[in-house]
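Take a look at the structure set out below.
Just so it is clear, none of the values below were taken in a lab; they were calculated from the coordinates. Since the model is a prediction, treat every value here as computed from it, not as a measurement.
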Amino acid sequence: MSLRKQTPSDFLKQIIGRPVVVKLNSGVDYRGVLACLDGYMNIALEQTEEYVNGQLKNKYGDAFIRGNNGMAEVYVSCL
């Protein structure tokens, strides 16, 4: 039995096109379909909803979350 270690990059490539939650340090969550991302953790979402303190605040068709500003940690998880 061989277990292959998966890198974070491998994981993120596998979930493109799937629903995800992106959680920022600021307490804002974005839920949508992962369209693409790059090495700077810039994230593009489709069918995006913005949640603040667990409450829906806005809906966007497409959203771009800039990942290289160093101001927030970004957590991505599958739904």
Vicinal HN-Hα couplings computed from phi for region 14-21 (Karplus, 6.51 cos²θ - 1.76 cosθ + 1.60; Hz; Gly/Pro x): 6, 9, 4, x, 10, x, 9, 10
Spread of Cα-to-Cα distances over 5 Å intervals beginning at zero, given as percent, for region 8-78: 4, 18, 30, 28, 16, 4, 0
